[in-house]
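Engineer: Encoded as structure tokens, here's the structure I'll be asking about.
The values are calculated or read from the model by the stated rules, or taken from the named source; none is laboratory data. All values reported here derive from a predicted model rather than from experimental measurement. Using ideal geometry, Cβ is built from the backbone for each residue, glycine included, and neighbour counts are taken over all protein chains shown. Keep in mind that these areas ignore ligands, DNA and RNA; they rest on the heavy atoms of the full protein, side chains included. Shrake-Rupley method; radii C 1.70, N 1.55, O 1.52, S 1.80 Å.
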Amino acid sequence: MTENETKQACLKFIKCLKEKNTFLEFDTHLNILQEEATKRGLDDDVLNSLVDIIINKSFRTSRRISLIKCLIPRYKLPEKIAKSMIIWCFSSLNELPITVCIIVIKWIIGLWDYELVDRKVINIYYDIFFYTMLKKPRLERDIARLIYVLTKPEDVSRREVSRLLALQKNYSKPPKHITALLSLFKSYKPELVPEKIDSVNIESVWKSIPEVVRLSLEEARERVDTVEIRSSQQSAQTHFNWNILQNQKGHKKKSTLLPSVGYFHIGSSIFKDKDAKSIFDISSTEELGKYHQSVELPCNAVSLLSNMAGYHLLTYADLQYQSRFSYNLYNTLARAFIWENGKFSSEEMDKLLAMTAEFSRYMQEGILVIKLFFDEYLYYNTGEYLLRLLDLLQWMTNVSIAELRENILMHVQNIFYESDLSMKCEIIKSLRKLIVNLFVRQGLEEHVTSSFLQQDPLENLADVVPVIAEIMKNLIVNGLNIHNYNVLLLSEALTFYEEICILESRSRIPSWTLPPSAVIYGAFITKSCAVLSRVCRLLLRYREMSPRLRHMMPSDVCEERIQVISIYANDIHRALWYNEPFSGRKNGDFLRGLSKKVIDDFKDCDLDSLLNISNHYAILSYKYTLSKMGLNINTKEDTMAMALCYFSAVNEFLAAFHE
């Protein structure tokens, strides 16, 4: 059997034992369980089930002992299982056969010897073990061995020694196990134990634990050691590479863009701080945390962009070092992309932008000098590295409205109109992330001064959001017109308005951004039922958040937003339920610009019914599939019931009008 089949067979065996008092094939299935425990050890879920039946079911003594011998973990034993077995055994000593108690005690000793459970878990029961040893003569020898391996110098006191001496007097000849304990106590605290107590050969005092159990536990220990060695090797391999750009092969004629990490010392090393650590001493996150305060930073701050440890050191460096980094970073970017363009390999230039964006992501904020680089470079941009630049754009969280509009978004608009569909989607996605980052920095919690250059917001978020939203609106509407309302662009636009809706509903900023009619109606007439559901859900969210925003925004602005939402919702509701998208177009915005002549040209078609919930082509595929399965959906009410199961947002939207 495969490993998984064996495990399932073990679980089935345990389940049968749990449900039946007698099991005819006990020995056959027990052999499978024993083989699995001996060869591979049992998984935690199997161990839990096995312990449950050992504790709670009645078995013949021999069978219960056989099951206890199978309690061999694959790796380490869960603490809960060890505690359950100890508590069960020592609380049931009067009911359990003596041989069952002995095998449990030897199993506990084996766990201790091979460190298959945290020793603290066993040691907390030390006093219970000691007291039980004094009160249970038939278990005295075996519990004494457990006491022997558990005892630490701080456990030895005059009381324990006195109790052992009193116990020894019960015998005509001092038993070896009591002598062994007194000898151990004497080695720890000789002043408490009489001098006449001699040392004994421990191997002659106690028998070893059963060979099958010992070998199985030993195998488990080897498995644990193998895993720990592998884990430590992987941990040792996790190191920070400080010169990643120096390791790139090829491009021998190209200059190196970033310097390697290095130091420049003036004067005698006698005056150097002896506790200072070199950057090369940091090879793991543990060492980074340990030596953070004593790391000597390299001369060229930009070289710290090499890895996450460098990001961390830059983020919490002093103001002077951060200023030097900003200066060097701007010069490096300008040199590579503007002043000496072509001198460096494209791989290095791409890597520099990627590391800079990753540093911003680590800090969760932008780098001030990037906006200067953007303003200069975007004039020259030919489409190269555009995705990397968009990664940087989303972290422009500390710019003024004028800089944002004139130096950044103006260029982004030009790039948008020149781009293909996929790049247009990426630009919208990047601007969406920019708004999310702005809200995270200012709108969702109390203001906190930045760790990097102690930056404060240059503008109020309530003033910045409308600027970005207006530009996004123009880009989205134009993009939809250019690409004939492509569903990918439409979906990305919906995602933007869904996210900003969530942000504004949770923010303390009085802002309410609504999508243009092109997005709402474009999503409504789409062939995608998912997009149709999303636009219905978005309108429902606007309805839910309106009471909160009434208290935060000027009444005239709020009423204007509610009026727009009402027009959107009523138009879609009339089309879906009342069959009036064309005949009632003058009462709303949907199809309002359509002339009477166009309508007359289609007088042979029942245009009004084409977009109702029964005939909408985003829904027809569901109706067809279900009808093929024998379910007849003929009325709008039937379709409403279908919507409840498959696209519930549409059902909830229509139900809101019927309340």
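Engineer: Within the stretch 123-140, whose backbone N sits under 12 Å from a point 7 Å along Cα→Cβ of S157?
Structural biologist: The answer is 127, whose backbone nitrogens lie closer than 12 Å to the label point.
Engineer: If you don't mind, another one. Per-residue ellipticity at 222 nm for the chain, helices alone: DSSP H runs ≥ 4 residues times -39500 (n - 2.57), over residue total, nearest 500 deg cm²/dmol?
Structural biologist: That calculation yields -18500 deg cm²/dmol at 222 nm.
Engineer: What are the lysines whose alpha-carbon lies under 19 Å from the alpha-carbon of K586, with same-chain residues fewer than 8 places away excluded?
Structural biologist: In chain and number order, the partners are K596, K597, K603.
Engineer: What lysines does K433 reach when the alpha-carbon gap must be under 16 Å and sequence neighbours fewer than 8 apart in one chain are set aside?
Structural biologist: Hits, sequence-local ones excluded: K424, K473.
Engineer: Just reorder C89, C16 by solvent-accessible area, largest first, 1.4 Å probe, all chains present.
Structural biologist: Result, largest first: C16, C89.
Engineer: Something else: Based on the Cα atoms of the chain, what semi-axes does the equivalent ellipsoid have, where each is the square root of 5 times one gyration tensor eigenvalue, given in whole Å with the largest first?
Structural biologist: Calculated on Cα positions only, the semi-axes equal 69, 43, 23 Å.
Engineer: With N denoting the number of residues in the stretch 159-229, provide Rg(C-alpha) divided by 2.2 N^0.38 Å, to two decimal places.
Structural biologist: Normalised Rg, Cα atoms only: 1.57.
Engineer: So how far, in whole Å, is the C-alpha centre of the stretch 592-650 from the one of the stretch 20-70?
Structural biologist: Cα centroid to Cα centroid, the span is 61 Å.
Engineer: Another question about this same structure. Over the Cα atoms, compute the radius of gyration (one decimal) and Dmax (the largest Cα-Cα distance, rounded to a whole number) for the stretch 292-513, in Å.
Structural biologist: In order Rg, Dmax, the Cα atoms of the stretch 292-513 give 17.9, 60 Å.
Engineer: Hey, another quick one. Accessible area of the chain with a 1.4 Å probe: how many percent of it is carbon plus sulfur?
Structural biologist: It is 50 percent, rounded to a whole number.
Engineer: Say the cut-off is 21 Å between C-alpha atoms; which of K12/K69; K57/K80; K120/K176; K106/K176; K527/K636 go over it? Mind dumping the intermediate values first?
Structural biologist: Numbers: K12/K69 19 Å; K57/K80 19 Å; K120/K176 27 Å; K106/K176 18 Å; K527/K636 19 Å.
In this structure, K120/K176 lie more than 21 Å apart at Cα.
Engineer: To continue, here is another question. Against the longest principal axis of the chain, how steep is helix 126-135, in degrees 0 to 90 to the nearest 10, with axes from Cα atoms?
Structural biologist: On a 0 to 90 degree scale, this one is about 30.
Engineer: Still on this model: With a cut-off of 8 Å between alpha carbons and a minimum separation of six or more residues, what is the relative contact order of the chain in percent?
Structural biologist: On the way: 676 pairs, mean separation 43.9, N = 659.
The normalised contact order for the chain reaches 7 percent.
Engineer: Now for a different question. In square nanometres, what is the average projected area of the Cα convex hull of the stretch 460-518?
Structural biologist: Over all viewing directions, the stretch 460-518 projects a mean Cα-hull area of 3.8 nm².
Engineer: Please list the radius of gyration and Dmax for the stretch 528-658, considering alpha-carbon atoms only, with Å as the unit.
Structural biologist: 16.7, 55
Engineer: Rounded to the nearest 0.05, what FRET efficiency do N170 and I87 have when you use their Cβ-Cβ distance and R0 = 41 Å?
Structural biologist: Numbers: r = 28 Å, r/R0 = 0.69.
The formula returns an efficiency of 0.90 here.
Engineer: Still on this model: To the nearest 0.05, how large is the calculated FRET efficiency for R335 and L453 if R₀ is 25 Å and r is the Cβ-Cβ distance?
Structural biologist: Here the calculated transfer efficiency is 0.70.
Engineer: Can you give the Rg and Dmax of the stretch 507-558 based on its C-alpha atoms, in angstrom?
Structural biologist: Cα radius of gyration and Dmax of the stretch 507-558 are 13.2, 38 Å respectively.
Engineer: Right, another one. So what is the accessible area of the chain per residue, in Å², with the probe set to 1.4 Å?
Structural biologist: Dividing the accessible area of the chain by its residue count gives 51 Å².
Engineer: For K7, go through the aspartates and glutamates and keep the ones whose alpha-carbon is under 15 Å away, minus same-chain ones fewer than eight residues off.
Structural biologist: E35, E36, D43, D44, D45
Engineer: Can you figure out the FRET efficiency of K18 with D198, using R₀ = 60 Å and their beta-carbon distance, to the nearest 0.05?
Structural biologist: Values: r = 51 Å, r/R0 = 0.86.
The formula returns an efficiency of 0.70 here.
Engineer: Which order do peptides 423-433, 286-296 fall in by mean Cβ count within 10 Å, highest first?
Structural biologist: Result, highest mean Cβ count within 10 Å first: 423-433, 286-296.
Engineer: Sorted from largest to smallest, which semi-axis lengths in Å does the alpha carbon gyration tensor of the stretch 1-104 give for its equivalent ellipsoid, taking the root of 5 times each eigenvalue?
Structural biologist: 21, 17, 11
Engineer: For the stretch 321-459, what relative contact order do you get, as a whole percent, if you take Cα pairs closer than 8 Å and at least 6 residues apart?
Structural biologist: Relative contact order comes out at 27 percent.
Engineer: OK, next. So for the stretch 568-659, averaging the separation of alpha carbon pairs under 8 Å that are six or more residues apart and normalising by length, what relative contact order in percent results? Write out the running numbers ahead of the final one.
Structural biologist: Numbers: 73 pairs, mean separation 21.9, N = 92.
Normalised by residue count, the contact order of the stretch 568-659 is 24 percent.
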